[in-house]
Amino acid sequence: MGKRRIPDLYRAPFPLYTIKVDPKTGWVITAGGGGASKTGIKNAVHFLGLELVGCQHTATLLHCHDTDTRATMNMALGGDVIAAGQDGSCSLMRFKHRKPRGKAKDGKEVFPP
């Protein structure tokens, strides 16, 4: 009998280079990608929400930010600002945690503008 495999909480569609946890929101922020080469692998920053449902953890993709041709190799968090090391430069990005306003007719959450 083989080892029992534990299911993945999250599987990124790109190589991960950096992961941070925002202590204020509890979000897990992951980043990486395929770089400038045209391989079809996206470069992005993903914002994930973690929850405990019953006795099982779940991860939900809250937002995906495309970083064009620049793979984020490292990042630091400071309040609501992300400093991302990308291709020999540092990009500064600001993010904002918004509470959902309610549910739309299709069941998806609606956020204020």
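What are the equivalent ellipsoid semi-axes of the chain, built from the alpha-carbon gyration tensor (square roots of five times its eigenvalues), in whole angstrom, biggest first?
25, 22, 15
Near the amide H of Thr72, within less than 5 Å, lie the amide hydrogens of Gly32, Ala44, all on another chain or at least 5 residues away, with H placed in the peptide plane. The mean sequence distance of close C-alpha pairs (under 8 Å, at least 6 residues apart), as a share of the length of the chain, puts its relative contact order at 17 percent. Computed extension length for His63-Leu77: 3.4 nm, one decimal, from 0.36 nm per residue of separation with the Cα-Cα distance subtracted. Computed about its Cα centre, the charge dipole of the chain is approximately 340 debye, with only Lys, Arg, Asp and Glu carrying charge at their Cβ. On the basis of the beta-carbon distance and an R0 of 22 Å, Arg94 and Glu51 show a calculated FRET efficiency of 0.30. Highest mean first, the peptides 75-84, 54-63 sorted by other C-beta atoms within 10 Å per residue fall in the order 75-84, 54-63.
The numbers here are math on the coordinates, done by the rules we state, and not lab data. Just so we're clear, the structure is a prediction, and the values are computed from it rather than from any experiment. All Cβ positions, even for glycine, are placed from backbone atoms using ideal geometry, and neighbour counts span all protein chains on display.
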